[in-house]
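The values are calculated or read from the model by the stated rules, or taken from the named source; none is laboratory data. Here the structure is a predicted model, which means the values were calculated and not measured. Every residue, glycine among them, receives a Cβ derived from its backbone with ideal geometry; neighbour counts consider all protein chains shown. Only protein heavy atoms, including side chains, enter the accessible area calculation; ligands, DNA and RNA are left aside. Shrake-Rupley method; radii C 1.70, N 1.55, O 1.52, S 1.80 Å.
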Amino acid sequence: MNPQSAKDLIRRYYEAFNKGDMQTFLNLLTDDVIHDINQGGREIGKDVFARFMERMNHNYREQLKDIVVMANSDGSRAAAEFVVHGTYLNSDEGLPPAKGQTYVLPAGAFFEIKYNKVARITNYYNLGDWIKQVSA
């Protein structure tokens, strides 16, 4: 895959996320996708990732804005930087109670690409900043 194709793949990934089109979103992943959760563990498999997204979509409503996508020279890796604009809808385990709080949070993600699909996603955001915003 060339760098432009890699960037286009990641843009489609985020377009599907922002539209709430989980079928398209998940179809952009390999079956054995690796998901490194922000400040958490590693999960493997598209079905596991789909369950993670079900929980996320239940607890949060988010739109990603100001997305900038980068890719390496052979298109096997990519990265994105963006700003999350969200609403905390339902309390998530181990986190402050949800009361419809809104938040704006810079974030980033790193991707490995295989077979023209996303094979690994590593997400990062500042959890302490998010907790401060929803606890105010």
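Observations
- Checking each residue in the stretch 84-109 for being among the aliphatic types (A, V, I, L, M) and farther than 27 Å from MET1 by Cβ picks out LEU89, LEU95, ALA98, VAL104, LEU105.
- Check on VAL104, open to solvent by less than 80 Å² (accessible area, probe 1.4 Å), farther than 20 Å from PHE52 by Cα, touching a His at 6+ places or on another chain (Cβ under 9 Å) and outside any loop (DSSP other than H, G, I, E, B): yes
- Taken over the stretch 76-106, the criterion of being under 18 Å from GLU15 (Cβ atoms) and touching a residue at least 60 places away in the same chain (Cβ under 8 Å) is satisfied by ALA78, ALA80, PHE82.
Matching residues to (1) part of a helix (DSSP H, G or I); (2) acidic (Asp, Glu); (3) open to solvent by less than 40 Å² (accessible area, probe 1.4 Å):
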position: ASP47; (1), (2), (3): yes, yes, no
position: MET53; (1), (2), (3): yes, no, yes
position: ASP66; (1), (2), (3): no, yes, no
position: SER73; (1), (2), (3): no, no, no
position: GLU81; (1), (2), (3): no, yes, no
position: VAL84; (1), (2), (3): no, no, yes
position: SER91; (1), (2), (3): no, no, no
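- Residue list for the stretch 63-75, filter: touching a residue at least 24 places away in the same chain (Cβ under 8 Å) and in contact with a His (Cβ under 7 Å, 6 or more places away or on another chain): GLN63
- Screening HIS35, HIS58 for residues that are in a helix (DSSP H, G or I) and either without any contact (Cβ under 8 Å) to a residue 60 or more places away in the chain or under 18 Å from ASN126 (Cα atoms) (or both) leaves exactly one candidate, HIS58.
- Residues located in the stretch 32-42, provided they are crowded, with 16+ Cβ neighbours inside 10 Å and either hydrophobic (A, V, I, L, M, F, W, C) or farther than 18 Å from ALA107 by Cβ (or both): VAL33, ILE34
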